[in-house]
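Please read the structure below before turning to the comments.
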Amino acid sequence: MSGFNLLHLVTKNQPVKLKACGLPSGTCRTKKTWPRCFSQEELRKRLTPIQYHVTQEKGTESAFRGEYTDNKEEGTYSCVVCGAPLFTSDKKFDSGSGWPSFFDLIKEDSISLTDDLSYGMHRMEASCSECGAHLGHLFDDGPRPTGKRYCINSASLSFQSKNAGPEGVEPGGATGQSASSSKSDL
Ligand SMILES: [Zn+2]
């Protein structure tokens, strides 16, 4: 009977279950669903073109051009997209590669590693475990004790200087002009 076939067609046409991040492709860059998602629109507004290109399109900034390549300040490096803390300045070293390089992470699982076979090479791609932002690559030629070299784009990072204090507003608010408000003048 042909009626049976018709029914079969109808039931097959059920709505597809929405993904956790039901946004157009490109937002969650890979098939994997990341804990944190951001809309492409928001990121385009919030990030600079190079930050967007590197984190969302797996781009690479020019060597020696990145903001943090030679940064020697003490502090924490976080994902520029979601703010997850990734590296500390005491794990940064001068690799001479032209990109900020670290030999260890703050937390083992703060970065997700995937095989990257592009450009005829086998590299390990490093992405933020929270939002999937592309960060750079991991190599095995780093210094002791880990022997690892996280070669990270400055454009993927935001830096919080230790001297600036932890995130949050200082109640004193003494920025720039201070001391004059005290009643110590005679
Ligand atoms: Zn992130």
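Throughout, read-outs are computed from the coordinates displayed, never taken from laboratory work. From a predicted model like this one, the values you see are computed outputs, not experimental measurements. Don't worry about glycine lacking a Cβ; one is built from the backbone with ideal geometry, like all the others, and counts go over all protein chains shown.
The GluC sites (Glu not before Pro) of the range 62-114 meeting both criteria, a DSSP state outside H, G, I, E and B (loop) and at most 14 other C-beta atoms within 10 angstrom of the site's C-beta, are GLU73, GLU74. Electrostatic tally near ASP140: other residues with Cβ closer than 11 Å to its Cβ, Lys and Arg +1, Asp and Glu -1, net +2. Couplings for the range 47-60, taken from phi via the Karplus curve 6.51 cos²θ - 1.76 cosθ + 1.60 with θ = phi - 60°, read 9, 6, x, 6, 4, 5, 4, 5, 6, 9, 10, 6, x, 9 Hz in order; Gly and Pro are left as x.
Using the number of other C-beta atoms within 10 angstrom as an exposure proxy, rank LYS91, LYS107 with the fewest first.
With the sparsest Cβ surroundings first, the list reads LYS107, LYS91.
Our compactness index for the range 24-162, the C-alpha radius of gyration over the empirical 2.2 N^0.38 Å, is 0.98. Across the range 126-132, rounded Karplus estimates of 3J(HN,Hα) from the backbone phi angles (6.51 cos²θ - 1.76 cosθ + 1.60, θ = phi - 60°) give 9, 10, 5, 6, 7, 10, x Hz, Gly and Pro being marked x.
For SER95, nonlocal amide neighbours, meaning residues 5 or more places apart or on other chains whose placed amide H falls under 5 Å from its own, are SER101. In a reduced charge model with +1 at each Lys and Arg Cβ and -1 at each Asp and Glu Cβ, the range 24-162 shows a dipole moment near 260 debye about its Cα centre.
Of the listed pairs LYS45/LYS92; LYS107/LYS148; LYS45/LYS72; LYS91/LYS162; LYS45/LYS91, which have alpha-carbon separations greater than 20 Å here? Listed pairs above 20 Å: LYS45/LYS92; LYS45/LYS72; LYS45/LYS91. Of the peptides 76-87, 133-144, the order by per-residue mean of other Cβ atoms within 10 Å, starting with the highest, comes out as 76-87, 133-144.
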